[in-house]
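Contents: one structure, followed by commentary.
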Amino acid sequence: MDAEEFRKHGKEMIDFIADHVEGIRQQPIVPNVKPGFLITKLPGRAPSEPESIEKITNDVEQLIIPGMTNWQHPNFHAYFPAGNSYPSILGELMESALGCIGFSWAAAPSCTELEIVVMDWLGKAIGLPEDFLHCSGKGGGVLQGSASESVLVSMLAARHRAFKTHRLSSSTRLVAYCSMLAHSCVEKAASLCNVRLRQLEPDADFGLSGETLRQAIEKDIHDNLIPFFVCATLGTTSICSFDNLPSISDALSSLKGMSETPLNIWLHVDSAYAGNAFICPEFQHLLLDGIEEVDSLEFNANKWLLTNFDCGCMWVRDRLHLEDCLSVDPLYLKHDHQHLTADFRNWGIPLSRRFRSLKLWFVIRRFGLTGLQKHIREQVRLAKKFTKLLQKDTRFEQIGKTRMGLVSFKLKGENELSERLLGVINNSGQLFMVPAKVKHNYVIRFCVCSTSTTNSDIERAWNVISYHADHVLADEIIEMTLCPGELSPADLATNSFLFPCKDNSQGDEHEAVPDLIRSRSTVGQPFRRPFRRYSTSELSHRLLYRSISSAARLQSLTPTSNTPHKTTQLRLDTILNALKKERPF
């Protein structure tokens, strides 16, 4: 491909990308495919002859796009946001064009120095003490691949420091600590570092407290173990809860003189998602209150700062701990200026490094800090709007608080109800969410992820959730009160059936039916959502049960007869007349 052909196809590709991004609302949220769908459509061997860009682009449109989960869809509410914006895409394009490998200053001077500048920009924006900035000459920031990588790098540095401090030849006595709600990457890092990990019980606010940590550390010291690393999470994956950083810092400070050899425990802050919000002054206290004992911290700009993956931002208070642990210096990597500037190959695991700072530089300059703050505040506002809708419905309970753009909730009752609800919603294709487990609770996570999500999308999402909750709860009620054998051919032939209901002290069988329904769903609230009208011939047993329950909740049914038993015979035609047309989403 020559320059002219590149210009031609490059312009076409930009148009293709813009059309895809702008038309994302018309795409499905998740693809209707099964494992192997693409493998069977592509050749088993690479082509021996060149193929045209037109053919490749057509295959992208026909084969690749249909198999994509659309993370930028306004109704995608799973995981956390996958940052994306046109300035970031342009920055990625420029990075690819420059084609450098930035493992040292000599290998790519601009790559190294722009990373220094951008990380100091962000560090100042979130209010970090000067110790964490390059301009201090002591600490500084570095771009890693992800928060998981930052946690591993921090633990490696902490372990290396502990080996030197305690003159160890083995890591078997070293212990790391985190909350039970910490990200799984902490467990993986401990496994890779071959150290013990204590996953501690969070408090009533779902955060790790300093007192819980102190007790665990004191016990391990008593057992001749060596505490060396603590990971505090600000914004857990499950419910975006916050560990109590001030009390954790106080606990670590008070423990420093407990043993003959100073403990010198490394405190890392994992704020992969929520840390992005610290560019807003109103959220900075969540980090800065307790930062005195922090050795390192990170967040993923590729989550919430409109920057494409990968772009993990990590800061350390003392860069020498990273360099002492991770430096390798063969002759072919040496250069005349290596003692005058950072060589970021010594701040992380890989030698080769992408020019990640370029896209972040594009984003910060194009949006400005005010634009990025506006984006975060808007998504927090949308999450709080969803929370208000949730709290009005007494069938649901929220787990944790809404501090950022994540709301975690469940149906009241057994976990199976929430699990069934999530399955039905995701299978409908109307929304996409994922679950989490919090203190034995199966919770549904609703995260505002897309930049195109609006007020109406939030309202629609709640209508979808509420609608499917009606059906899940109706199924639950009928399964507990009716057996299929209770519907006889004679019942169906006469459009009538038996509906068991609880005793009523006044003998009013009619009132007992809605009481039974409400006792398992919306206590004290009228039914608000309409349902489809069915003819008798359209009703399977399951649809019949659902319609019965829905009609009963309308509280507008009249029994056709009274019986001395715990059942009320209602005619099916009465119920069908009560059913209304289903609300379209």
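The values are calculated or read from the model by the stated rules, or taken from the named source; none is laboratory data. Worth saying up front: this structure is predicted, and the values here are computed from it rather than measured. No Cβ is skipped: glycine too gets one built from the backbone with ideal geometry, and neighbour counts run over all protein chains shown. What goes into the accessible areas is simple: the full protein's heavy atoms, side chains included, and nothing from ligands, DNA or RNA. Shrake-Rupley method; radii C 1.70, N 1.55, O 1.52, S 1.80 Å.
Only one residue in V316, V363 is open to solvent by less than 60 Å² (accessible area, probe 1.4 Å) and touching a strand residue (DSSP E or B) at 6+ places or on another chain (Cβ under 8 Å), so which one is that?
The conditions single out V316.
If only residues of the stretch 189-207 that are within 15 Å of R159 (Cβ to Cβ) and surrounded by 14 or more Cβ atoms within 10 Å (Cβ to Cβ) are counted, the one that is nearest to the chain's Cα centre (by Cα) is A189. Scanning the stretch 390-434 for residues that are surrounded by fewer than 18 Cβ atoms within 10 Å (Cβ to Cβ) and touching an Asp or Glu at 6+ places or on another chain (Cβ under 7 Å) turns up just one, K412. On inspection, L306 passes the criterion of being open to solvent by less than 70 Å² (accessible area, probe 1.4 Å), in contact with a His (Cβ under 9 Å, 6 or more places away or on another chain), among the aliphatic types (A, V, I, L, M) and more than 19 Å from D270 (Cα to Cα).
Does L358 count as at pLDDT 95 or above and aliphatic (A, V, I, L, M)? Answer is yes for this residue. Taken across the stretch 72-92, residues that are farther than 30 Å from L382 by Cα, within 29 Å of the chain's Cα centre (by Cα) and part of a helix (DSSP H, G or I) do not occur at all.
What helices (runs of 4 or more DSSP H), lying completely within the stretch 156-257, carry at least 2 residues that are modelled with pLDDT under 95 and more than 30 Å from N441 (Cα to Cα)?
Once the helices (runs of 4 or more DSSP H) in the stretch 156-257 are filtered for at least 2 residues that are modelled with pLDDT under 95 and more than 30 Å from N441 (Cα to Cα), what remains is 210-222, 245-255.
Here D329 fulfils each of the conditions (1) out of contact with any helix residue (DSSP H, G or I) (no Cβ under 7 Å at 6 or more places or on another chain); (2) of a type outside the set (S, T, Y); (3) assigned to a helix (DSSP H, G or I) apart from (3).
Against the definition (farther than 23 Å from L360 by Cβ and within 27 Å of the chain's Cα centre (by Cα)), how does M68 come out, yes or no? It is true that M68 is farther than 23 Å from L360 by Cβ and within 27 Å of the chain's Cα centre (by Cα).
With respect to (1) under 25 Å from the mean Cα position of the chain (by Cα); (2) open to solvent by less than 20 Å² (accessible area, probe 1.4 Å); (3) over 30 Å from L360 (Cα atoms), the lone exception for M180 is condition (2). The single residue among L93, L122 that is free of Cβ contacts under 8 Å to residues at least 12 places away in the same chain and closer than 30 Å to H335 by Cα turns out to be L93.
In the stretch 239-249, is there at least one residue being without any contact (Cβ under 8 Å) to a residue 60 or more places away in the chain, under 30 Å from L406 (Cβ atoms), open to solvent by less than 10 Å² (accessible area, probe 1.4 Å) and not β-branched (V, I, T)?
Checked the stretch 239-249: at least one residue is without any contact (Cβ under 8 Å) to a residue 60 or more places away in the chain, under 30 Å from L406 (Cβ atoms), open to solvent by less than 10 Å² (accessible area, probe 1.4 Å) and not β-branched (V, I, T).
Any residue in the stretch 5-20 that is surrounded by 13 or more Cβ atoms within 10 Å (Cβ to Cβ) and closer than 30 Å to M404 by Cβ? Within the stretch 5-20, one or more residues are surrounded by 13 or more Cβ atoms within 10 Å (Cβ to Cβ) and closer than 30 Å to M404 by Cβ. Restricting to the stretch 86-139, name every residue that is of a type in the set (V, I, T) and open to solvent by less than 20 Å² (accessible area, probe 1.4 Å). Those that are of a type in the set (V, I, T) and open to solvent by less than 20 Å² (accessible area, probe 1.4 Å): T112, V118, I126. All conditions in (1) free of Cβ contacts under 8 Å to residues at least 60 places away in the same chain; (2) in contact with a strand residue (DSSP E or B) (Cβ under 8 Å, 6 or more places away or on another chain); (3) closer than 30 Å to V363 by Cα hold for I221, with the sole exception of (3). I want to confirm something. Restricting to the stretch 258-289 and keeping residues that are modelled with pLDDT of 90 or more and among the β-branched types (V, I, T), which single residue is most open to solvent (accessible area, probe 1.4 Å)? Residue satisfying both the conditions and the ranking: I265.
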